[in-house]
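A quick write-up on the structure given underneath.
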Amino acid sequence: MPEETPEDNLSINRKRLIFRSWHRGTREMDLLLGRFAEAHVLRFGAAQAAGYERLLNNSDPDIYNWITGQEPVPPSEDGEVTALLLNFFKAT
């Protein structure tokens, strides 16, 4: 049986992140994060995938409020992936 490479693991992780984005629990967040994930996650490197996974651990209301500008992004979540997410929705 062939060994899994780090690229195989990253590919599996990317697919898992896309699935989690489409299955958040609220339809609104499924649509928002699912669209973002479909557009960007397959190009993420390991660090970006880890950052997005950390972002997904936040609650739907928090992420929604950050996307809509109702609340500022806390410093602990203010990184490259969050900026990409916010810019994705500013452009659409």
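None of the figures in this text is laboratory data; all of them are computed from the coordinates on show. No experiment lies behind these values; they were computed from the predicted model shown. We place every Cβ from the backbone using ideal geometry, glycine too, and count neighbours over all the protein chains shown.
What's the longest uninterrupted piece of the chain once you rule out the GluC sites (Glu not before Pro) that are loop residues per DSSP with at most 15 other Cβ within 10 Å?
The longest uninterrupted stretch comes out as 5-92.
Towards the positive end of the charge dipole of the chain, with charges on Cβ (+1 Lys, Arg; -1 Asp, Glu), say which of Ala83, Ala49, Thr68 has the farthest Cα.
Thr68
Give me the number: length gained by fully extending Ser76 to His23, i.e. 0.36 nm times residue separation minus the C-alpha to C-alpha distance, one decimal in nm.
Extra length available between Ser76 and His23 comes to 16.7 nm.
Answer with a single label: of (1) 1.44; (2) 0.97; (3) 1.11, which was calculated as Cα Rg over 2.2 N^0.38 Å from the structure in view?
Answer label, from the structure shown: (3).
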